[in-house]
Amino acid sequence: MVNSLLTDRAALFADRRALIAPDGTWTYGELLAASARVAGGLLDGTTDLGETRVAYLVAPSCAHVATQWGIWRAGGIAVPLCTTHPAPELEYAIAEADAALVVADERHAGSVAPIAQRRGARFVTTGELLAAAPVRLPAIAAPRRALMLYTSGTTSKPKGVITTHTILAAQIDSVVRAWKWSADDHILHVLPLHHLHGVLNLLCAALWSGATCELQDGFDTARVWRRLCSADLTLFMAVPTIYARLRAAWDAAEPDARTSMTTGCQRLRLMVSGSAALPVALLDAWRALSGHVLLERYGMTEIGMGLGNPLHGERVPGSVGVPFPGVDVRLLGEDGSVLGDGLPGEIQVRGPNVFQEYWRRPDATAAAFTADGWFKTGDIAVRARGRYQILGRDSVDIIKSGGFKVSALEIEEVLRQHPAIAECAVVGIADDEWGQRVAAAVIVRSGHTLELDALRVWAKQQLAPYKVPTLLHIVAELPRNPMGKVVKPAVAALFGKEN
């Protein structure tokens, strides 16, 4: 078991460059010094925050990382907030965490200072904390709570997921080992810093390894392509939407620019996609323009990374690969049996990477685990030759129709092959006869038209191998152009309502 604290490892790389960000470039030594000042300002005369929750709304920057580390070094639990969330969502997160301290940079102070005042929490800016005097810091034991990230709230209101320093270290170590991070790596970071993807896979993995993490304040297509075209990056990780936008920019570029873009990508040693299913068509298009087969992986706020395609070796389209180092995975059937290859079941995970608890929700925590200690992800997958394919979330993506379990993700993948369909979303809607019927909302490619009856005929042919009798019930939301009006009856049918 890994027991190192992320903040303790920084001394190993004191003179190396840690961060490049809009507010400067810092070495690991400078990050340690800055986070010590932040910790001193947070302690404010006390000796240990004692797992006080500290909510912080700070743009991607050196100050953001110094705040995160300062909270940990002062003995607090870091609760990062989303910089684009409206006031009600910020207030929910601060209230749910019962944060006694709220931190913001100058740009976001106006969003959370009133919330802190209403709740009687202490509010302080990053500028004030970075100007504070360093003090004697408490010794932080690895089993102490370190981080609270919120779930996406697909089945209920977001829950605070608690990881300790020990669990966080295990999650980071697993990622570092799987993807062979080293101090020579340099990653471009354009993802949010309140979600697991941006926090664990990019920021923490880089700083654990002595690498350089280059933070951009949000995603901008042109700016990202400029950096990808440079010679100093080794890693890039993003969500499928970002890759789709980068691909669209490549398609629109002049031949010389395309060559530069392709060459820039080819210099990187690894490009990763996650947080959502990667369409096979996008994977193929990205391979053609960049030379990279995007490494797709599967993780959750509660477990860190669970499954991933190999760094070296075959990456199978539509597959999320095999368990990460130190992670145990099994598929469980509805009857409680452990399933072998070819049978769909719930992904369950066990290992030192699994979270400790949902904050102040003991019933939800207990319900999330089996009697023998496996975490129930709620995601359905099938395994073939040791590799896992995600079929979807049991509560959202698995459509139960006529006694069959249909994967919405698989149907979406088929529908995207239609020449007139740019993108689609498949859901199940209530039906008295079938239980649920399949409904698809599609976006029509510019310059194309699509008739509903013709789509149904085509879909029946393409989806015949799935042997599901209700696929004739596909309905469509049909924009006449990407920004046009949709057909009202189709929208009504999609949500199972009468006109």
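Computed from the coordinates by the stated procedures, all read-outs in this text should not be read as laboratory data. Given the structure is predicted, the values throughout are model-derived calculations rather than measurements. Every residue, glycine as well, gets a Cβ built from its backbone with ideal geometry; the counts of neighbours run over all protein chains shown.
Between 0 and 90 degrees, the angle of helix 165-179 with respect to the longest Cα principal axis of the chain falls at about 60 degrees. Computed from phi, the 3J(HN,Hα) profile of the range 316-328 under the Karplus parametrisation 6.51, -1.76, 1.60 (θ = phi - 60°) reads 8, x, x, 9, 10, x, 10, x, 5, x, x, 10, 9 Hz, with x in place of Gly and Pro. Straightening the chain between Ala131 and Lys460 buys 111.9 nm, computed as 0.36 nm per residue apart minus the Cα-Cα spacing. Label positions at Arg9 and Thr259, each projected 7 Å from the Cα along the C-beta direction, are separated by 4.1 nm. By the beta-carbon count within 10 Å of each Cβ, the least crowded to most crowded order of Cys424, Cys229, fewest first, is Cys229, Cys424.
Here each label is just a point 7 Å from Cα along the line to Cβ, and for Ala425 and Cys82 those points are 1.4 nm apart.
When the C-alpha to C-alpha distance is required to be over 32 Å, the pairs from Lys180/Lys400; Lys180/Lys376; Lys157/Lys180 that qualify are Lys180/Lys400; Lys157/Lys180. When the Cα gyration tensor is reduced to axis lengths a ≥ b ≥ c, the ratio a/c stays below 1.5 for the range 6-179, which is therefore classed as rounded. Near Glu423, the amide H atoms lying under 5 Å from its own belong to Ile443; only residues 5 or more places off or on other chains count, and H is placed 1.01 Å from N. Relative to the longest principal axis of the Cα atoms of the chain, helix 452-462 runs at roughly 80 degrees. Label positions at Arg177 and Glu314, each projected 7 Å from the Cα along the C-beta direction, are separated by 2.5 nm. Computed from Cα atoms, the angle from the helix 109-119 axis to the main principal axis of the chain rounds to 80 degrees.
For a Förster distance of 30 Å, can you work out the FRET efficiency between the beta-carbons of Val293 and Leu332, rounded to the nearest 0.05? Efficiency computed from Cβ-Cβ geometry: 0.50. Length available on full extension from Gln417 to Ala366: 0.36 nm per residue minus the Cα-Cα distance, which gives 14.1 nm. Under the shape rule built on the C-alpha gyration tensor, where the axes satisfy a ≥ b ≥ c, the range 216-268 is oblate, since a/c reaches at least 1.5 while a/b does not exceed b/c. Here the chain carries DSSP beta bridges of which approximately 65% are antiparallel, counting only pairs with both residues inside. Note on Leu343 and Ala281: the extension gain reaches 19.8 nm, defined as 0.36 nm multiplied by sequence separation minus the Cα-Cα distance.
Listing Tyr243, Tyr298 from fewest to most neighbouring C-beta atoms within 10 Å gives Tyr243, Tyr298.
Each helix, a run of at least 4 DSSP H residues, gives -39500 (n - 2.57); summed and divided by the residues of the chain, these come to -9000 deg cm²/dmol at 222 nm.
Residue by residue, the range 369-385 carries 3J(HN,Hα) couplings of 10, 7, 4, 9, x, 8, 7, 8, 6, x, 9, 9, 9, 10, 10, 9, 6 Hz when phi is fed to the Karplus relation 6.51 cos²θ - 1.76 cosθ + 1.60 (θ = phi - 60°); x denotes Gly or Pro. Couplings 3J(HN,Hα) for the range 345-357, derived from phi with the Karplus relation 6.51 cos²θ - 1.76 cosθ + 1.60 (θ = phi - 60°), are x, 6, 6, 10, 10, 9, x, x, 7, 7, 4, 7, 5 Hz, where x marks Gly and Pro.
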